[in-house]
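The values are calculated or read from the model by the stated rules, or taken from the named source; none is laboratory data. Because the structure is a prediction, the values reported are computed rather than measured. Cβ placement follows ideal geometry from the backbone for every residue including glycine, while neighbour counts extend to all protein chains displayed.
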Amino acid sequence: MTQSDILLRDLDDRGVLRLTLNDVGRRNALSEAMLAALGAAFAEAGADPAVRVIVLAANGPAFCAGHDLKEMTAGRAAEDGGRAYFAHVMAQCSGVMQGIVTCPKPVIAEVTGVATAAGCQLAASCDLAIAADTAKFSTPGVHIGLFCSTPMVALSRNVSNKHAMEMLLTGDMIPADRAAEIGLVNRAVPSDALCAAVMEMAGKIASKSSMTLATGKQAFYAQREMPLAEAYAYASQVMVDNMLARDAEEGIGAFIEKRTPQWQDA
């Protein structure tokens with residue numbers, strides 16, 4: 001399958017881009033081809049002014065089953081036992097996850113079916129996530145002697161330490177309502193209402209100034225890694241720069257004048 005086959009794209013007139021994982025036969029595994037397709041798609045969407053919000057969805061019974069273990073096992077045939085290949089794949093996957101975070105456009109995961117291992121990492125890396133009430137999540141590496149170390153990075157930045165460690169140490173599958181309870185997803189909704197709920201949220205966000213959204217997303221992820229005083233100093237400077245932007249002036253003026261703002265995304 002080509003990249004265009006395994007990752008479908010659809011951009012609506014509101015600027016909502018749906019990226020749909022479509023390698024159903026492999027349960028939408030993060031093969032090298034899928035990782036390459038995702039990396040390219042997020043980079044392109046981030047630079048495309050027509051895209052305002054990205055929805056990451058999936059076809060088939062699995063949102064994403066994680067790394068393609070058959071592909072990974074084949075890598076062991078190399079003279080080094082697969083070390084260089086494994087390092088390449090982990091770097092490629094980490095690059096995709098970081099690309100979601102650094103993409104200036106908000107990214108919403110629309111999770112159906114199961115999201116396991118690096119598939120759970122994929123959902124956790126998105127800015128927002130809404131799951132079908134039938135969806136399930138796990139980091140099951142311990143079952144096969146492989147701790148989910150890279151999924152741990154995204155997981156531990158979404159849920160508390162003890163909830164993350166419970167998932168990582170037991171490998172247990174958790175249902176969507178539990179995922180919402182611990183903060184892995186924003187909420188769980190009936191399966192037949194999932195797409196509508198996601199697109200409603202996406203449309204709401206797409207109606208905002210894309211400059212403001214990009215400013216806020218970048219600042220959010222930057223400040224949370226800083227000590228408190230440094231975070232406030234950084235956020236204060238971001239706020240000053242934001243106040244001087246054209247859309248902030250327009251938005252505040254529109255609020256005072258009780259009219260709809262006309263964004264220029266600048």
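Structure notes:
- All of (1) in a helix (DSSP H, G or I); (2) hydrophobic (A, V, I, L, M, F, W, C); (3) closer than 23 Å to Val111 by Cβ hold for Ala231 with one exception: (3).
- Residues that are modelled with pLDDT under 95 and in a loop (DSSP other than H, G, I, E, B), drawn from segment 1-40: Met1, Thr2
- Met173 passes every criterion in (1) within 24 Å of Thr112 (Cβ to Cβ); (2) of a type in the set (A, V, I, L, M, F, W, C); (3) buried (at least 18 other Cβ atoms within 10 Å of the Cβ) apart from (3).
For (1) under 30 Å from Thr212 (Cβ atoms); (2) among the β-branched types (Val, Ile, Thr), each residue gets a yes or a no:
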position	(1), (2)
Thr102	yes, yes
Asp133	no, no
Ile144	no, yes
Cys148	no, no
Arg157	yes, no
Leu168	no, no
Pro175	no, no
Glu181	no, no
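- When Ala65, Ala84, Ala29, Ala77 are screened for being in contact with a His (Cβ under 8 Å, 6 or more places away or on another chain) and among the hydrophobic types (A, V, I, L, M, F, W, C), only Ala29 passes.
- Conditions (1) closer than 27 Å to Asp265 by Cβ; (2) in the same structural domain as Val53 (by TED's automatic domain parsing); number of the one not met by Ala219: (2)
- Every pair of residues 6+ apart whose Cβ atoms lie under 8 Å, when the first sits in segment 1-14 and is under 19 Å from Leu35 (Cα atoms) while the second is modelled with pLDDT of 95 or more and surrounded by fewer than 15 Cβ atoms within 10 Å (Cβ to Cβ): Gln3/Ala40
- Scope segment 37-53; condition more than 20 Å from Ala115 (Cβ to Cβ), among the small types (Gly, Ala, Ser) and in contact (Cβ under 8 Å) with a residue 40 or more places away in the chain; matching residues: Ala43, Ala45, Gly46
- Residue that is nearest to Ala129 (Cα to Cα) [pool: residues in segment 157-207 that are β-branched (Val, Ile, Thr) and not in a helix (DSSP H, G or I)]: Val185
The rows are residues; the columns are (1) within 21 Å of Gly203 (Cβ to Cβ); (2) surrounded by 20 or more Cβ atoms within 10 Å (Cβ to Cβ).
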site	(1), (2)
Asp10	yes, no
Gly15	yes, yes
Leu19	yes, yes
Asn22	no, no
Arg27	no, yes
Ala33	no, no
Ala41	yes, yes
Glu44	no, no
Asp48	yes, no
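- Selected residue (criterion: nearest to Glu181 (Cα to Cα)) from residues of segment 133-156 that are among the β-branched types (Val, Ile, Thr) and not in a loop (DSSP other than H, G, I, E, B): Val153
- Checking segment 209-224 against the condition returns no match, with no residue being at pLDDT 95 or above, farther than 20 Å from Cys103 by Cβ, out of contact with any Gly (no Cβ under 7 Å at 6 or more places or on another chain) and loosely packed, with under 15 Cβ neighbours inside 10 Å.
- Summed over segment 208-219, residues that are in contact (Cβ under 8 Å) with a residue 40 or more places away in the chain and more than 15 Å from Leu128 (Cβ to Cβ) total 5.
- When Ala131, Ala164 are checked against the criterion of being buried (at least 19 other Cβ atoms within 10 Å of the Cβ), under 28 Å from Ala91 (Cβ atoms) and at pLDDT 95 or above, Ala164 stands alone in meeting it.
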